[in-house]
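Report on the following structure.
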Amino acid sequence: MSAESELKRRQRRWRSMLWSLVAILVLSVALPSLGYVMAQQVYGTEREFSEERATNPRADMWRDARQGQGGFTTQTGPYVTDTLITNVGENWRQIRMGPMITWGGWFLIGVLVLIALFFLVFGRVRLEEGRSGMTVVRWRAYERALHWFTAISFIILAITGLSLLFGRAVLIPLFGPQGFAAYAQGAMYVHNFLGPVFSVALLAMILLWIRHNIPNRTDWQWFKQGGGLIGRKHPSAGRLNGGEKVWFWVGVVLFGVTVSVSGFVLDFPIFGQTRETMAIAQVVHAVVALLWIGFFFGHAYIGTLGTEGALEGMTRGRVDVNWAKQHHDLWYEDVLAKGEQPVSVDELEKNKTARQAGGTAGQASH
Ligand code: HEM
């Protein structure tokens, strides 16, 4: 390319850049001016227009709505039925749909991951001496019945409660909107009716077992030695160890009573509860229930996979003597001191067979 044509090409480029700049400047002045003139036609005088511009009418409406400004409605009711959006309701919605769902979901997943890691690293706490074949009574039938009624109700309440909280994110994609609506309706009924019954059982559990859960020095030593879960040393413990007492006081008493009372406020809105009260009750109910479910995962893990021989105490009522000596040595000494004699598994089996045979014979003779 010659030097002359190169010069022309550069000049053309500069000229087009200059024109583009002028066009941008003209448009950026002309278009707002045009809008301004048109707006003046619509809104009237310049003074009126600048006032209007300062206060966007739709923003005003939203502001009124957010500040709980009442309007007119033919609907009658006891509280704020004329209010389109209550401030407290909108704030509550944002908390529920935002941090509560996000943090709550991650919290539960985190607890499950930690439990799985704990199991992989430390494994199951085994019976060091194996089974002795001799057993003692740990939980009576009425105690077990109450425990399992509470536990099963808790699980149903947790599943229905979590379905209502996370349903939009997790279940609508699975069931579809209509399927979820039908399920959520059922889940809500179950949750609302079972909740109060569960609270009564929980109260009975607290009253029944409070005497076993009074903290003492042995518990402190138990904590100092890591509860025997970490490391292979087994600290002394009475009927219940320090960890079980934390589950009782924090899980069952503190979380249980908080969830029950807040649930009662939500379930029976007949005491003149305001929207504020309902919003606060819902946040307290859901947050504490989430913490409680996380804690419950730990309790259920320790009672099943985590500790060999623990579950049979709560299913059949008796535990192996070696389990009693390893986990609750002071309690085992008490049991012997009270004169209870360990019974062998074989003897229990024989007695059971004899009882069954007696039952069948009894039935046959009728
Ligand atoms: C699948 C669920 C559950 C399992 C597998 C389970 C398992 C167990 C086991 C094995 C024991 C006896 C521990 C021992 O003998 O030292 C126990 C005790 C206990 N459980 Fe559960 N449990 C479950 C759910 C629950 C729930 C939902 C609650 C309360 C809401 C609960 C409250 C208690 C209490 C209070 C004790 C007595 C120990 C203490 O006072 O801390 N459990 N559980």
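A short reminder: the numbers here are calculations on the coordinates, not readings from a lab. Note that this is a predicted model, so its numbers are computed, not measured. We place every Cβ from the backbone using ideal geometry, glycine too, and count neighbours over all the protein chains shown.
Rounded to the nearest 10 degrees, the inclination of helix 256-267 to the longest alpha-carbon principal axis of the chain is 50 degrees.
Using the Karplus relation 6.51 cos²θ - 1.76 cosθ + 1.60 with θ = phi - 60°, the per-residue 3J(HN,Hα) values for the stretch 169-183 come to 7, 9, 8, 4, x, 8, 8, x, x, 6, x, 5, 4, 5, 5 Hz, with x marking Gly and Pro.
Extension gain for the segment Arg93 to Phe119, taken as residue separation times 0.36 nm less the Cα-Cα distance, is 5.6 nm to one decimal.
Comparing Gln273, Gln326, Gln356 in a Gaussian network model of the chain (Cα springs below 10 Å), the most mobile by mean-square fluctuation is Gln356.
Would you mind working out the magnitude of the charge dipole of the chain relative to its Cα centre, with +1 at each Lys and Arg C-beta and -1 at each Asp and Glu C-beta, to the nearest 20 Debye? Write out the running numbers ahead of the final one.
Working: 35 positive and 27 negative charges, 194 e Å.
Here the size comes out at about 940 debye.
If packing is taken as the average count of other Cβ atoms within 10 Å, what order do 82-92, 280-290 fall into, highest mean first? If you can, show how the numbers build up before the last one.
Values: 82-92: 15.9, 280-290: 19.5.
The peptides rank, most packed first, as 280-290, 82-92.
Out of Phe296, Phe271, Phe175, any idea which swings most in a Gaussian network model of the chain, alpha carbons joined below 10 Å? Of Phe296, Phe271, Phe175, the most mobile in the Gaussian network model is Phe271. Residues whose amide H falls under 5 Å from that of Thr135, counting only those 5 or more places apart or on a different chain, are Val321, Val343, Ser344, Val345, with hydrogens built in the peptide plane.
Between the helical axis of 57-66 and the longest alpha-carbon principal axis of the chain there is an angle of about 20 degrees. Pick out which of Phe154, Phe198, Phe268 has the largest mean-square fluctuation in a Gaussian network model of the chain, springs linking Cα atoms closer than 10 Å. Largest GNM mean-square fluctuation: Phe268.
Just from its helices, what would the mean residue ellipticity at 222 nm be for the chain, if runs of 4 or more DSSP H residues each count -39500 (n - 2.57) and the sum is divided by every residue, rounded to the nearest 500 deg cm²/dmol? Walk me through the intermediate numbers first.
Working: 15 runs with 253 residues, N = 366.
One gets -23000 deg cm²/dmol as the mean residue ellipticity at 222 nm.
Think of the chain as a dipole: +1 on every Lys or Arg Cβ, -1 on every Asp or Glu Cβ, centred on the Cα centre; then among Val22, Ser132, Val319, Val22 lies furthest on the positive end. Note on the chain: dipole from Cβ charges, positive end direction compared against Val261, Gln67, Ala354; the farthest Cα belongs to Gln67.
In this label model, Arg217 and Glu129 are separated by 2.6 nm, measuring between points 7 Å along each Cα→Cβ vector.
Decide, for the stretch 168-261, between rounded, prolate and oblate: order the square roots of the alpha carbon gyration tensor eigenvalues as a ≥ b ≥ c, take rounded if a/c falls under 1.5, and otherwise choose prolate if a/b is larger than b/c, else oblate. Intermediate results must be reported in sequence, preceding the final value.
Numbers: a/c = 4.65, a/b = 2.03, b/c = 2.29.
Taking the square roots of the gyration eigenvalues as a ≥ b ≥ c, the stretch 168-261 is oblate.
Backbone phi angles across the stretch 239-255, fed through the Karplus curve with coefficients 6.51, -1.76 and 1.60 (θ = phi - 60°), yield HN-Hα couplings of 4, 10, 8, x, x, 5, 5, 5, 4, 5, 6, 7, x, 6, 7, 5, 5 Hz in residue order; Gly and Pro are listed as x. With 22 Å as the limit on Cα-Cα distance, the pairs of Lys233/Lys325; Lys325/Lys350; Lys245/Lys352; Lys224/Lys245 that go past it are Lys325/Lys350; Lys245/Lys352.
In terms of its C-alpha gyration tensor, the chain comes out prolate, because a/c is 1.5 or above and the ratio a/b outweighs b/c.
Per residue of the stretch 198-212, what does 6.51 cos²θ - 1.76 cosθ + 1.60 with θ = phi - 60° give for ³J(HN,Hα)? Whole Hz please, x for Gly and Pro, Karplus curve as stated. Per-residue couplings from phi come out as 4, 4, 5, 4, 5, 4, 4, 4, 4, 5, 6, 10, 4, 5, 7 Hz. Which of the three applies to the stretch 73-165, rounded, prolate or oblate, going by the alpha-carbon gyration tensor with a ≥ b ≥ c and a/c under 1.5 meaning rounded? It comes out oblate by the Cα gyration axes.
Using only Cα atoms, tell me the angle between helix 275-301 and the longest principal axis of the chain; keep it within 0 to 90° and round to the nearest 10. The angle comes out at about 50 degrees. Close amide H contacts of Val125 (hydrogens built in the peptide plane, cut-off under 5 Å, sequence separation of 5 or more or a different chain): Thr307, Glu308.
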